[in-house]
């Protein structure tokens, strides 16, 4: 929801309660099992309020009592913890070469992680068939979660490219899609009227996952898996712009008109094609084994491969400097395949980042490597539904 | 103040009251004089709450009763309006060629607008002397406002370049300053312990002014007065990054290492030097007359001047595309000298913006021209203190 300056909303006591429910949930999310007394002491809420709030949350099966109180404030043995038994959230990740489905319960524990080979590129089967495959996978993941007795809080699909807030994929060069109403098609195919279905850019969702897993509130996640895209979190919130079309750094051309773009110079697929010249381009349906081969050759000291990695790092660093000059992140996270190759890419990238940023020391930006793996965007899609609950929007009854 | 995810603040009834005070103030800011009944009807607050809130605001001299009720709800003749008589806010703008001071009262009416010639560039008198001149002007503006019986809510100084949240100018190439603790020096020199003094980037403050004067919550303001810098407002808030070092688009190089930067290619001073080759560079202490001369020559159809303007527009459009691809603004506002030359710059800039943005139609970005003049940043500095009150932080007693 967008707030415009001329149209502020009055606060009422429902807001106060929602805010305080959020305070309790986020305290437990950050600190693990805690007693009511320790929640009150840490949050500044009084004990009666904490009892009332936690009572509602237990009734809704978002919290449970546990014997595992780790501290001495309050009666021993009556700690509260997030309850993973009643709710789950699902993230799907669509790439040109594979589909990923991931589900977590409300406590954040992973319930499933599935990969499916997929031929979703521009030369593939086209959006119609691809959407059916995505819908089928979503359906199977939702069924599995429900068989375990959990209500699905929501499902978010991560795709590369430009995605409107409505869930229409406006343009996805890696998938060859334009104007695909993915959310509408999925909702129609899933036939579960109450289910919250969303579609969003994969880099933005990966940034949300990084933020939730201990990331800094000013972080930018960079993926080179399909072009080069960035997910920009600023002051703890994902930068959405007016229509959601943010983070397209791969589009930048570093030379005169017609020059190669940053995606051409610093993307992972161009790197693989250069580092493995004998590689059959047609066989590039899954980048992961090729990236592993590049890493193996680099480890063995292959000079051409090392030069290709260094070049990729230099160009990437120039792109990261654009980000540092414009949005001044505290942390830049190299994601997915970049993470697997970081040992060779990062030094050159860090040096070019510093050289091309106006502020000393790259404006304080630390260049780090994601530990969330190739499914960070799927994870971000799932946890975005936990975030909604954590900010005080409790789930409706099934 | 930064909110991190792990440390949410509980809500209490003080927050509710502050939020509702803000709702009333912002309703009156947006809609002009209104009766209590009409405020209640428009905001959803009940009448007793509105009476209590407006009572406090009248007591604090932020509102006054007026006979000029424009609507028929409630007793005729008892409308409330923002009261400009008790408080004022001051903005100062530091450029290489001049100082500007501007003050507004709490109702937003301009109380003073002063310009002073200034030799603040790298070849000028250096930060020590320059800071004294800024402090003297601030002192005079504050005295004038106080002589009129108004309490100064705060004073913000706008400078080009990188400014830390603490008010230290980390690096200002146009002024030749680095690590100047402008806020500390000013506060020491003004000797008014209670006075809220701040320093911020000029493009960011100009964006705040645009937002307040009817701007879209996703707007980017671009200035070419000293290098090329952008103030980025997203979802109604100024993008600050981790240290405030945002919007440095002039730093981008559009070619290989060593190539000219966007500031070299699209800045106003390089344009003037190219369009007016006989112009003595040493006389460029004030760009405004030179910009007027360029406009006069363009109006007379001078082909070299028209070509220089078109070139500037093309390069600027490439820079704006970086912004559109990364932050997806709804509106891009060409500020200060660009506004005076927009007739010739804007068509080429709009065309390059669209051509270089991945999203169709530049992601919806409309390219517009500022109407706030050369002192938009000073205005932004002043109104930022009104914004604080409008969000519910009422002024302390003098």
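Rule-based calculations on the coordinates, nothing more; no lab input. Quick caveat: nothing in here was measured; it's all calculated off a predicted structure. As a convention, Cβ positions derive from the backbone with ideal geometry for all residues, glycine included, and neighbour counts pool all protein chains shown.
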Next on the checklist: Can you divide the C-alpha Rg of chain B by 2.2 N^0.38 Å and report the result to two decimal places?
Outcome noted: 1.05
Checklist entry - Computed from the mean reciprocal separation of all distinct C-alpha pairs, what Kirkwood hydrodynamic radius does the protein assembly as shown have, in Å? => result 28.4
Next on the checklist: Averaged across B:18-27, how many Cβ atoms of other chains sit within 10 Å of each residue's Cβ atom?
Outcome noted: 3
Next on the checklist: What's the whole-number percent of alpha carbon pairs in region B:224-279 lying beyond 13 angstrom?
Outcome noted: 66
Item to check | Where N is the number of residues in region B:283-398, Cα Rg divided by 2.2 N^0.38 Å | outcome: 1.34
Checklist entry - How big is Rg to Rh over region B:317-385, alpha-carbon atoms, Rh as the Kirkwood inverse-mean-distance radius? => result 1.03
Checklist entry - Hey, how many Å between the Cα centroid of region A:163-217 and the Cα centroid of region B:324-398? => result 29
Checklist outcome for this item: Counting other chain Cβ atoms within 10 Å of each Cβ in A:355-368 and taking the mean gives 4
Checklist entry - Where does helix A:287-299 land angle-wise versus the long Cα axis of chain A, in degrees 0 to 90, nearest 10? => result 70
Checklist entry - If you put a point 7 Å past Cα along the Cβ direction, how far is that point for residue B:278 from the same point in each other copy, in nm, smallest first? => result 7.1
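Hull surface divided by four, with the convex hull built on the Cα atoms of region B:116-262: how many nm²? Can you show the working numbers first?
On the way: hull surface 42.0 nm².
The directionally averaged projection comes out at 10.5 nm².
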Next on the checklist: With a cut-off of 8 Å between alpha carbons and a minimum separation of six or more residues, what is the relative contact order of region A:249-398 in percent?
Outcome noted: 20
Checklist entry - How many percent of DSSP beta bridges within chain B run antiparallel, rounded to 5? => result 60
Item to check | Cα Rg, Dmax, region A:193-269, angstrom units | outcome: 14.4, 51
Item to check | Inter-chain Cβ neighbour average for residues B:324-336, partner chain, 10 Å | outcome: 5
Next on the checklist: With the label 7 angstrom out along Cα to Cβ, how close does residue A:128 come to the same site in each of the other copies, in nm, nearest first?
Outcome noted: 7.9
Checklist outcome for this item: Projected area averaged over all directions for the convex hull of the alpha carbon atoms of region A:214-371, nm², comes out at 10.1
Checklist entry - In nm, one decimal, shortest first: how far is the label point of residue A:78 (7 Å from Cα along Cα to beta carbon) from the matching points in the other copies? => result 5.2
Checklist outcome for this item: With -39,500 (n - 2.57) per DSSP H segment of 4 or more residues and division by the full residue count of chain B, the 222 nm estimate, nearest 500 deg cm²/dmol, is -13500 deg cm²/dmol
Checklist outcome for this item: Rounded to the nearest 5, the percent of DSSP beta bridges in region A:214-371 running antiparallel is 50
Checklist entry - Alpha carbon centre of region B:93-123 versus region B:226-268: separation in Å? => result 23
